[in-house]
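Chemist: Input: one structure, supplied below.
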Amino acid sequence: MTPHAPPRRSATVLALGALMIGGLLGGDAATAAKKKTCKPAPKAKCAGVNLAKRNLAGKNLKGINLKGANLKGANLKGANLAGATLTNAKLGRANLTNATVTSARMGGATVNGATTTGLVSGSVSGTPNSLPTGWQLNTGYLMGPGANLTGANLIGQTLTAVNLTGATLTGALLTGATAYASTFTNASMANANLAGATITTSTLGGANLAGASLVGITVTASGLPGANLTGANLTAATLSGTDFTGANLSRVAGRAATFSGATLRNANLTGAALGGNSQNSVALDGADLTGANLTNAVLGYANVANAVISNAAITGTDLRNTTYDGLRSGGLTTGTGTRLPTGTSVVAGYLIGENVDLVEANLANQVLTGLDFQGADLSRANLAGARLVSASLANATAVGTNFTDANLTAATLGGADLRESSVARATLTDASFDGSLANAPYGTAGGASTPLTQNPVTTLTNMSGLALAGVNLSAAAKHWIQVDFTGANLAGTTFKNDGHFTYSVFVRSNLAGTVFAGSGVGVKFQRAIFTGATGVPTIGGTGSWSLTTCPNGTLQNTACTFS
């Protein structure tokens with residue numbers, strides 16, 4: 001039996017070996033089981049655990065080890081994963097809304113399909129295997145739509161094709177940074193520092209840049225339509241060709257900035273400091289520049305049609321060759337070196353010129369001799385006592401305008417709309433109405449205008465005290481109903497032959513040489529009132545008189561006696 005002893009020892013050794021192997025295997029199984037029950041917490045060792053679809057919202061997981069962990073579909077909304085190890089972790093379709101991954105290690109991690117709105121990052125290391133659509137890792141920051149990059153340090157960095165739509169970059173440092181073909185649509189960049197940055201072929205539409213520093217920035221072939229730049233500093237910025245349509249640039253500091261060729265259509269530039277800047281060929285149509293400082297600015301060939309430039313400083317401003325139809329002004333401050341468009345003037349703070357908007361302007365008692373108001377809108381303006389000698393108001397709109405006591409001698413009024421205007425005691429001697437008042441519309445404001453060539457002229461603008469001496473009305477209307485010429489100077493005025501004057505008032509009017517009808521032509525007066533009228537008019541032919549009050553106050557149905 002002795003020879004068989006060695007095999008027994010071999011069996012013993014094998015048994016011990018089997019026990020040792022079993023023990024090792026059992027230890028690994030225990031370790032694996034322990035990992036599966038890992039409780040997520042700060043600095044917890046949860047490598048390889050399965051946390052798929054777990055609710056970890058708002059949890060403090062700072063410094064946790066989740067290497068290779070399965071976090072697919074997990075709810076990590078608002079969770080703090082700063083300094084976490086996420087190497088090779090699976091985060092597909094996880095909810096990382098407002099989560100923090102600052103200083104996290106993310107090499108090989110898969111984050112595709114995850115919700116990352118408001119994700120806070122910075123100093124992230126490693127290259128993720130995949131990221132949500134539109135996201136990228138750039139200089140340690142996870143950048144994408146809706147990312148939270150508040151206070152991010154991106155000084156001198158290059159951002160190429162970055163999509164930061166709706167992202168938050170409040171107070172971010174982008175000094176000297178370069179953004180190319182990137183999107184910042186509706187991004188919040190309030191108080192960000194972009195001094196000296198270069199932005200090329202990028203979109204910043206609707207972005208909030210309120211209070212941001214854009215000193216010396218260069219923007220090329222990019223757009224900021226609808227952006228908010230309230231109080232931003234644009235000093236010495238180069239913004240040539242930039243689209244600011246509808247943007248809010250109120251109270252911006254933009255001295256020495258260059259806007260040449262830029263589009264600022266319908267932009268808000270109230271209170272903007274734009275002195276000394278260049279805005280050649282800029283589109284400012286519809287923009288509001290109320291209270292803006294444009295001292296020494298260059299606006300040559302700019303389009304300021306329908307813009308508002310009220311209470312603005314334009315001392316030394318070059319406005320030559322601008323397009324200014326519909327421009328609304330008032331309270332303008334001019335001075336040495338101001339250069340205006342040809343044919344315009346600044347009077348009492350208003351820019352006077354063709355087709356401008358002077359609605360409700362106060363030009364009472366101003367000297368406006370020879371100025372051009374052609375096509376201008378003077379509705380409800382106050383021109384009482386103004387001197388408009390030889391001025392042109394052709395085709396102007398003057399509905400409800402006050403011309404009381406104004407001097408319109410030799411003025412041109414052809415085609416002017418004077419409905420409901422007050423011309424009491426105004427002087428229109430030798431004024432031109434295209435040879436008559438034929439094209440001057442009258443009537444009720446807001447209603448259809450009634451050219452004086454149409455019949456009848458009724459409830460006409462108050463003409464009491466009007467000086468129409470020598471004016472030719474022969475091509476005007478035939479019927480004058482309820483027209484008030486009280487105290488008007490109609491000496492030498494010629495009315496249309498065969499005219500009808502019903503309820504028209506000529507009280508105290510000067511009718512010396514007034515021609516109501518030529519020889520052999522009839523004229524009709526029905527309930528007309530001539531009380532106190534002076535001068536002898538020409539009433540040729542067979543006039544018709546009905547219940548007319550004569551100069552001596554008598555009511556009769558026969559011809560009145562004039563003296």
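The values are calculated or read from the model by the stated rules, or taken from the named source; none is laboratory data. Values in this document were obtained by computation on a predicted structure and should not be read as measured data. All Cβ positions, even for glycine, are placed from backbone atoms using ideal geometry, and neighbour counts span all protein chains on display.
Chemist: Considering only segment 132-143, state which residues are in contact with a Leu (Cβ under 7 Å, 6 or more places away or on another chain) and in a loop (DSSP other than H, G, I, E, B).
Modeler: Across segment 132-143, the qualifying residues are W135, T139.
Chemist: Please work out if A394 is in a loop (DSSP other than H, G, I, E, B) and modelled with pLDDT under 70.
Modeler: Taking the combined requirement at face value, the residue does not satisfy it.
Chemist: May I pose another question? Could you check segment 278-294 and list, in sequence order, the residues that are farther than 16 Å from R251 by Cβ and not hydrophobic (A, V, I, L, M, F, W, C)?
Modeler: S278, Q279, N280, S281, D285, G286
Chemist: Name the residue, out of A79, A89, A69, that is closer than 28 Å to L173 by Cα, of a type in the set (A, V, I, L, M) and crowded, with 19+ Cβ neighbours inside 10 Å.
Modeler: A79
Chemist: Let me ask another. Taking T117 as meeting all but one of (1) of a type in the set (V, I, T); (2) surrounded by fewer than 24 Cβ atoms within 10 Å (Cβ to Cβ); (3) farther than 23 Å from N208 by Cβ, write down the number of the exception.
Modeler: Result: T117 fails condition (3) only.
Chemist: Hey, among V359, V346, which residue is surrounded by fewer than 24 Cβ atoms within 10 Å (Cβ to Cβ), of a type outside the set (S, T, Y), within 25 Å of the chain's Cα centre (by Cα) and outside any loop (DSSP other than H, G, I, E, B)?
Modeler: V346
Chemist: Going by the conditions given, is E354 in a loop (DSSP other than H, G, I, E, B), touching a Lys or Arg at 6+ places or on another chain (Cβ under 8 Å) and not polar (S, T, N, Q)?
Modeler: Answer is no for this residue.
Chemist: Which is farther than 22 Å from A424 by Cα, surrounded by fewer than 22 Cβ atoms within 10 Å (Cβ to Cβ) and at pLDDT below 75, of G553, G543, G522?
Modeler: G522
Chemist: Among the residues in segment 464-476, are any modelled with pLDDT of 70 or more and of a type in the set (V, I, T)?
Modeler: Among the residues of segment 464-476, not one is modelled with pLDDT of 70 or more and of a type in the set (V, I, T), which makes the answer no.
Chemist: Among the residues of segment 531-540, are any modelled with pLDDT of 80 or more, outside any loop (DSSP other than H, G, I, E, B) and hydroxyl-bearing (S, T, Y)?
Modeler: yes
Chemist: Between G211, G231, G216, G196, which is modelled with pLDDT of 95 or more and closer than 21 Å to A161 by Cα?
Modeler: None of the others qualify; the one that does is G196.
Chemist: Something else now. Residue under question is G151, and the condition is that it be surrounded by fewer than 16 Cβ atoms within 10 Å (Cβ to Cβ), over 21 Å from A69 (Cα atoms) and without any contact (Cβ under 8 Å) to a residue 40 or more places away in the chain; does it hold?
Modeler: Here the answer is yes, as G151 does meet what is asked.
Chemist: Is there any pair linking a residue in segment 70-87 that is outside the structural domain of T115 (by TED's automatic domain parsing) and more than 12 Å from M106 (Cβ to Cβ) to one that is modelled with pLDDT of 95 or more and not acidic (D, E), with Cβ under 8 Å and at least six apart or on different chains, and which?
Modeler: If the second residue must be modelled with pLDDT of 95 or more and not acidic (D, E), no pairs are left.
Chemist: Considering only residues that are charged (D, E, K, R) and assigned to a loop (DSSP other than H, G, I, E, B), look in segment 46-105 and name the one that is farthest from T117 (Cα to Cα).
Modeler: Top of the filtered list is K67.
Chemist: Among A445, A410, which is touching an Asp or Glu at 6+ places or on another chain (Cβ under 6 Å), modelled with pLDDT of 65 or more and surrounded by fewer than 21 Cβ atoms within 10 Å (Cβ to Cβ)?
Modeler: Every option except A410 fails the conditions.
Chemist: State yes or no: is G205 out of contact with any helix residue (DSSP H, G or I) (no Cβ under 6 Å at 6 or more places or on another chain), on the phi > 0 side of the Ramachandran plot and either touching a residue at least 12 places away in the same chain (Cβ under 8 Å) or not assigned by TED's automatic domain parsing to the domain that holds G226 (or both)?
Modeler: no
Chemist: Step by step: first the residues of segment 296-310, then only those that are in a loop (DSSP other than H, G, I, E, B) and free of Cβ contacts under 8 Å to residues at least 24 places away in the same chain, then the one that is nearest to G335 (Cα to Cα). Which residue is that?
Modeler: A297
Chemist: Starting from residues that are of a type in the set (A, V, I, L, M) and in contact with a Pro (Cβ under 6 Å, 6 or more places away or on another chain), keep the ones in segment 102-142 and report whichever is nearest to A69 (Cα to Cα).
Modeler: Result: A109.
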